[in-house]
Amino acid sequence: NAGVTQTPKFQVLKTGQSMTLQCAQDMNHEYMSWYRQDPGMGLRLIHYSVGAGITDQGEVPNGYNVSRSTTEDFPLRLLSAAPSQTSVYFCASSYTDSQAYEQYFGPGTRLTVT
Amino acid sequence: AQSVSQHNHHVILSEAASLELGCNYSYGGTVNLFWYVQYPGQHLQLLLKYFSGDPLVKGIKGFEAEFIKSKFSFNLRKPSVQWSDTAEYFCAVNPMTTDSWGKLQFGAGTQVVVTP
């Protein structure tokens with residue numbers, strides 16, 4: 001199994017550009033989520049999904065969109081990039097059959113908005 | 001709002017020294033607790049987790065953590081660190097409520113540097 005994969009690894013955007021960060025998992029996990037990691041702030045939840053067709057907002061959803069058309073994929077879209085969105089983005093996935101789950105994280109995408 | 005506090009942002013210690021990282025959370029109900037580690041240039045990996053039972057939890061690589069409910073704490077320990085333990089350590093909490101399922105609240109992280 002490849003686990004959780006993310007592309008691209010690095011990206012530089014100009015303010016106002018849009019882009020999609022890709023996330024895929026091959027573990028048949030129902031639950032997928034996106035976090036951003038900023039220095040001194042840990043990871044903060046952006047959006048999450050408990051299954052195909054179901055998404056919801058996390059702690060910091062503004063400026064981001066998600067969709068979940070398949071179990072495997074959970075792309076994160078930046079609608080109009082802003083310097084405040086410079087961060088490292090992590091996708092994670094897990095099963096939903098127990099509260100005592102483990103979330104598996106992808107390798108991250110380092111995004112810089114100039 | 002719920003919060004997760006990690007007491008130290010940066011810890012430097014020598015090989016063979018003992019390590020203890022503090023974590024406190026503010027949620028009053030039942031919680032699942034986690035410690036994740038991020039080695040340089042790598043993604044987060046689970047060190048250990050607590051969801052019920054024995055409050056002393058053993059994880060990978062010789063790490064353990066103790067859940068003290070009365071203190072809302074979940075401190076991470078390792079008796080003797082190695083240079084390879086240099087990493088950033090994150091405490092995370094998931095309140096066990098219907099609308100909080102899967103939503104991990106992370107602490108700010110503690111950067112641990114182990115010198116030879």
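The values are calculated or read from the model by the stated rules, or taken from the named source; none is laboratory data. Not measured: the values here are computed from a predicted model. Here the Cβ positions follow ideal geometry from the backbone for every residue, glycine too, while neighbour counts run over all protein chains shown. Heavy atoms of the whole protein, side chains included, go into the accessibility calculation; ligands, DNA and RNA do not. Shrake-Rupley method; radii C 1.70, N 1.55, O 1.52, S 1.80 Å.
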Filtering the stretch B:102-116 for residues that are open to solvent by 10 Å² or more (accessible area, probe 1.4 Å) and more than 7 Å from chain A (Cβ to nearest Cβ) leaves a count of 5
Looking across the stretch B:46-73 at residues that are surrounded by 13 or more Cβ atoms within 10 Å (Cβ to Cβ) and small (Gly, Ala, Ser), the single one that is farthest from B:GLU20 (Cα to Cα) is B:GLY59
When restricted to B:SER84, B:SER5, the only residue in a helix (DSSP H, G or I) and either touching a strand residue (DSSP E or B) at 6+ places or on another chain (Cβ under 8 Å) or open to solvent by 20 Å² or more (accessible area, probe 1.4 Å) (or both) is B:SER84
Every listed condition ((1) touching a strand residue (DSSP E or B) at 6+ places or on another chain (Cβ under 9 Å); (2) not in a strand (DSSP E or B)) holds for B:GLY53 save (1)
Out of (1) part of a loop (DSSP other than H, G, I, E, B); (2) in contact with a Cys (Cβ under 7 Å, 6 or more places away or on another chain), the one B:CYS91 does not meet is (1)
Counting only residues in the stretch B:16-30 that are closer than 18 Å to B:LYS71 by Cα and assigned to a strand (DSSP E or B), the one farthest from the chain's Cα centre (by Cα) is identified as B:TYR25
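To keep it simple, each residue is scored yes or no on (1) closer than 20 Å to A:VAL88 by Cα; (2) in a loop (DSSP other than H, G, I, E, B); (3) within 11 Å of chain B (Cβ to nearest Cβ); (4) in contact (Cβ under 8 Å) with a residue 40 or more places away in the chain.
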| residue | (1), (2), (3), (4) |
| --- | --- |
| A:HIS29 | no, yes, yes, yes |
| A:GLY40 | yes, yes, yes, no |
| A:ASN65 | yes, no, no, no |
| A:THR70 | no, yes, no, no |
The correct count of residues that are among the aliphatic types (A, V, I, L, M), within 14 Å of chain B (Cβ to nearest Cβ) and surrounded by 19 or more Cβ atoms within 10 Å (Cβ to Cβ) in the stretch A:89-114 is 1
Flagged pairs (Cβ under 6 angstrom, 6 or more apart or on separate chains; first in the stretch A:96-110, at positive phi; second at pLDDT 75 or above and surrounded by 23 or more Cβ atoms within 10 Å (Cβ to Cβ)) are A:GLY108/A:PHE90
Some residue of the stretch A:3-13 being within 20 Å of B:ASP99 (Cα to Cα) and within 11 Å of chain B (Cβ to nearest Cβ): no
Expected single match for within 14 Å of another protein chain (Cβ to nearest Cβ) and either assigned to a helix (DSSP H, G or I) or open to solvent by less than 60 Å² (accessible area, probe 1.4 Å) (or both) among B:LEU33, B:LEU13, B:LEU76 is B:LEU33
B:SER73: passes all of (1) at pLDDT 95 or above; (2) under 26 Å from A:HIS47 (Cβ atoms) but (2)
